[in-house]
Amino acid sequence: ATPSAAASAHLIYHVKRAPTMSTIAAQRCAFPVRSRRAPARRSPRLVRAASKAAASDTADDTWSPSVVPIGTGEMSSNAVPSGSKSFGSALVRFGFPKGSLQNATEQLFARAGVPVKVKDRNYFPTIEDDDLSLVLFRSQEISRYVADGVLDAGICGADWIVENGSDVFEVCELKYSKATANPACWVIAVPEDSPVRSVQDLEGTLIASELVNTTAKFFEDRGVRGVKVEYSWGATEVKASLPGVGAIVDITETGSSLRANKLRIVDTILESTTRLVANKDAWADPAKRAKIENLAVLLRGAIEGKKKVGLKMNLPTHAVPALSSALPAEKSPTVSPLLDEAFCAVEVVVDENAVKDLVPLVRTLGGTGIVTYPVNLAIRD
């Protein structure tokens with residue numbers, strides 16, 4: 001039967017007043033209801049009054065988002081910790097390499113006396129230097145951002161300077177990498193059982209490489225025609241054995257990964273070491289240049305110091321000439337007198353691999369109290 005008008009109005013009123021499931025869930029989670037009795041019904045007049053009051057209370061609380069450009073103002077987010085200096089507020093904006101070089105670079109900065117702290121999910125490392133603002137970028141990108149002036153300076157591989165054709169000023173070479181101090185090599189590799197013996201044998205084939213521009217130029221310079229270079233998004237070693245792939249180009253320091261995947265090196269495209277680079281306009285700024293040069297001195301000193309150790313001992317005074325003659329020509333030991341005039345304190349910094357020969361010699365010369373210690377910085381000039 002069709003309900004009467006009064007009954008319909010009553011039904012509609014109750015449907016409109018019925019709480020939604022999301023409202024019930026919110027009430028139960030935030031404010032548990034101890035009583036099972038239904039809440040008292042409020043008159044429509046009171047409901048309208050309450051709604052009007054709520055609207056006036058929130059009129060001034062409208063959310064108005066604002067965007068703060070990078071390098072200006074105070075930023076508080078997951079990227080930049082609240083209270084830290086914003087990126088760009090320091091004298092030098094510096095690109096810190098993310099990825100394979102990151103851990104080695106953190107260790108290098110620590111030895112140089114400017115420790116860097118990188119937090120999870122944070123792309124703005126903190127550093128104990130108010131003149132430096134760091135941002136994490138992949139090494140592949142840093143030279144481009146330095147050339148474009150987004151960064152004043154940064155650390156990246158020479159390979160990516162070449163690949164990107166970046167117009168930057170190379171401040172210095174930093175001989176360190178992920179695993180060793182040896183240069184990283186971009187090599188052409190094929191499976192061990194491949195008939196390919198030289199790059200000429202790869203004419204008309206497909207090459208998988210992350211270093212696309214440099215690889216293409218390598219074959220072009222050698223007159224190898226018809227080579228198609230495809231960008232590899234990773235796992236490059238696997239692609240060497242796929243049908244239709246003539247060879248791969250991959251980076252290696254020790255060759256262990258290539259051997260593990262049963263690959264053989266055909267030729268080397270490029271040798272690369274780590275570089276400290278600067279934007280040319282930033283390098284022309286005296287204050288920025290001085291800061292970048294000072295950082296370069298510390299980083300190079302830290303690399304040199306890693307290979308050195310200090311050697312201290314008490315030595316009979318008459319034996320000092322014999323010890324000096326056993327040291328390299330430029331190594332002149334520091335000699336200090338002791339209360340016992342027959343002995344003196346001797347200190348010298350030497351290559352780490354020389355200690356195994358010097359310590360027995362010092363013992364033979366009558367030395368005592370022999371101590372070795374690590375060297376964080378070794379700056380020659």
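The values are calculated or read from the model by the stated rules, or taken from the named source; none is laboratory data. Fair warning: this is a prediction, and the values are worked out from it, not measured in the lab. Note that each Cβ is placed from the backbone with ideal geometry, even for glycine, and that neighbours are counted across all protein chains shown. Only protein heavy atoms, including side chains, enter the accessible area calculation; ligands, DNA and RNA are left aside. Shrake-Rupley method; radii C 1.70, N 1.55, O 1.52, S 1.80 Å.
Once amide H atoms are built 1.01 Å from N in the peptide plane, which residues 5 or more positions from LEU174, or in another chain, come under 5 Å H to H?
Amide H neighbours of LEU174, under 5 Å, 5+ apart: THR274, ARG275, LEU276.
Counting only residues 5 or more places away or on other chains, whose amide H sits under 5 Å from the amide H of ALA378 once H atoms are built in the peptide plane?
Amide H neighbours of ALA378, under 5 Å, 5+ apart: ALA302, GLU304, GLY305.
May I ask you to give the solvent-accessible area per residue for segment 184-271, in square angstrom, as obtained with a 1.4 angstrom probe?
53 Å²
What whole-number distance in Å separates the alpha-carbon centres of segment 117-186 and segment 195-269?
Value for the Cα centre distance between the two parts: 26 Å.
Return the FRET efficiency for the residue pair ARG222, ALA296: r is the Cβ-Cβ distance, R0 is 35 Å, and the value is rounded to the nearest 0.05. Provide the component values of the computation, followed by the final result.
Numbers: r = 36 Å, r/R0 = 1.03.
Approximately 0.45, to the nearest 0.05.
List the aspartates and glutamates whose Cα lies under 18 Å from the Cα of LYS291, skipping any in the same chain that are fewer than 8 positions away.
GLU128, ASP129, ASP130, ASP131, ASP152, GLU170, GLU173, ASP281, ASP381
With a sphere of radius 13 Å drawn around the Cβ of ARG222, what net charge do the other residues whose Cβ falls strictly inside it have (Lys, Arg +1; Asp, Glu -1)?
Numbers: positive: LYS217, ARG225; negative: ASP201, GLU203, GLU220, ASP221, ASP267.
In short, -3.
Using a 1.4 Å probe on the protein chains only, how many percent of the accessible area of segment 184-271 belongs to carbon and sulfur?
50 percent
Which value, in debye to the nearest 20, gives the size of the charge dipole of segment 207-265 about its Cα centre, when Lys and Arg are +1 and Asp and Glu are -1 at the Cβ?
For this selection, approximately 240 debye.
Probe radius 1.4 Å, ligands and nucleic acids ignored: give me the carbon and sulfur share of the accessible area of segment 308-374 as a rounded percent.
Summing carbon and sulfur atoms, their accessible area is 58 percent of the total for segment 308-374.
Using a 1.4 angstrom probe on the protein heavy atoms only, could you order TYR373, TYR231 from most to least accessible area?
Numbers: TYR373 65, TYR231 100 Å².
From most exposed to least exposed: TYR231, TYR373.
Can you tell which of VAL348, VAL335, THR364 lies farthest toward the positive end of the dipole of segment 308-374, using +1 and -1 charges on the Cβ of basic and acidic side chains (Lys, Arg; Asp, Glu)?
About the Cα centre, the residue reaching furthest to the positive side is THR364.
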